[in-house]
Amino acid sequence: MDEREIHGLIADVRAGHLSRRAFTRIMLGLGLTGPLVAQMLDLAGVDAQPRTDGFTPTRRSGGGQLKVLWWQAPTLLNPHFANGTKDQDGSRIFYEPLAAFDPEGNLFPVLAQEIPTVDNGGLARDGRSVTWKLKRGVTWHDGKPFTVDDLVFNWEYSADPATAAVTMAAYRDIERVEKLDSHTAKLVFKNPMPFWFDASAVRAG
C-alpha cells in the first residue's frame, strides 16, 4: 500500500465511510503500531469517535461497566502467587489491602479505619509493632464478616515456606499477630521494622 492509498483511507475515515477501528486494523496489518496509527489520524484532523455505553450513574459512586486494558490478561487471582501487576490488579476485584499508596506515595486506608501513626498510638515508637483497626461492616462475597481472623490466616498462609508465596518476604519479619478484638490486630515484628506497612499495603493504580 502506498502513501496515496493511505491518504485515501484517511479521507474515508474523515467522511465516515470507514471507522477508525477498521482503519487501525488495516494499518496494524501493515506492521504499524497502534500509537502511530492514532497519531496519523490526529495529524490528519480526524477526531476520535465518542464511545459511550449509554449508562448514566444514579449516584456518585457510579456503577455500570468498568473496562480496563492490560497488555496481558491476569493468569490467576491470588496476589500471593502474582506474576506481575496484571495479577495483583486482577485480584483487587475481591482481595483488598488494609491500605494503599496513592500516586504521590501517601498511604490511605482501604480496609483499615485509619493509617497507624505514632500520634494515634497505632505505630510503636520503637518500630517493633503496628496496630491496625479494621473497618466494620465489611463482608466477603458470601456475606461473612471481614475480621482479624482473616488477617491471622493471611499471615500464617503467606509466611509458611510450604506455601511458597511470592509475598513471603513481606511477612517473614512478623513474629506474631495478636488479636486485640474482632476488628483490631497488633502485628509484632522480630526486629524494629522501618517498612511496617509492607505486609498490609499495596500501590494503587
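The values are calculated or read from the model by the stated rules, or taken from the named source; none is laboratory data. Since the structure is predicted, the reported quantities are computational estimates derived from the model, not experimental observations. Cβ sites come from the backbone with ideal geometry, for glycine too, and all protein chains shown count toward neighbours.
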**OP:** Give the range 59-96 a look and list any residue that's of a type in the set (Ser, Thr, Tyr), part of a loop (DSSP other than H, G, I, E, B) and at pLDDT 80 or above, or say none.
**Re:** Thr75, Tyr95
Original post:
Taking only pairs six or more apart or across chains, which ones have beta-carbon atoms under 7 Å, a first residue in the range 96-110 that is in the same structural domain as Asn154 (by TED's automatic domain parsing), and a second residue that is assigned to a loop (DSSP other than H, G, I, E, B) and loosely packed, with under 13 Cβ neighbours inside 10 Å?
Top reply: Phe108/Asp102
Original post:
Could you count how many residues in the range 23-35 are farther than 18 Å from Asp2 by Cβ, modelled with pLDDT of 85 or more and in contact with a Leu (Cβ under 9 Å, 6 or more places away or on another chain)?
Top reply: 1
Subject >> The one condition in (1) assigned to a loop (DSSP other than H, G, I, E, B); (2) over 14 Å from the mean Cα position of the chain (by Cα); (3) surrounded by 13 or more Cβ atoms within 10 Å (Cβ to Cβ); (4) in contact (Cβ under 8 Å) with a residue 24 or more places away in the chain that Glu114 fails to fulfil >> reply: (4)
Original post:
Which ones in the range 117-141 are within 18 Å of Ala170 (Cα to Cα) and either of a type in the set (Asp, Glu) or not in a strand (DSSP E or B) (or both)?
Top reply: Gly127, Arg128
Original post:
Would the range 179-193 turn up any residue that is in the same structural domain as Gln113 (by TED's automatic domain parsing), of a type outside the set (S, T, N, Q), in contact with a Gly (Cβ under 6 Å, 6 or more places away or on another chain) and on the phi < 0 side of the Ramachandran plot?
Top reply: yes
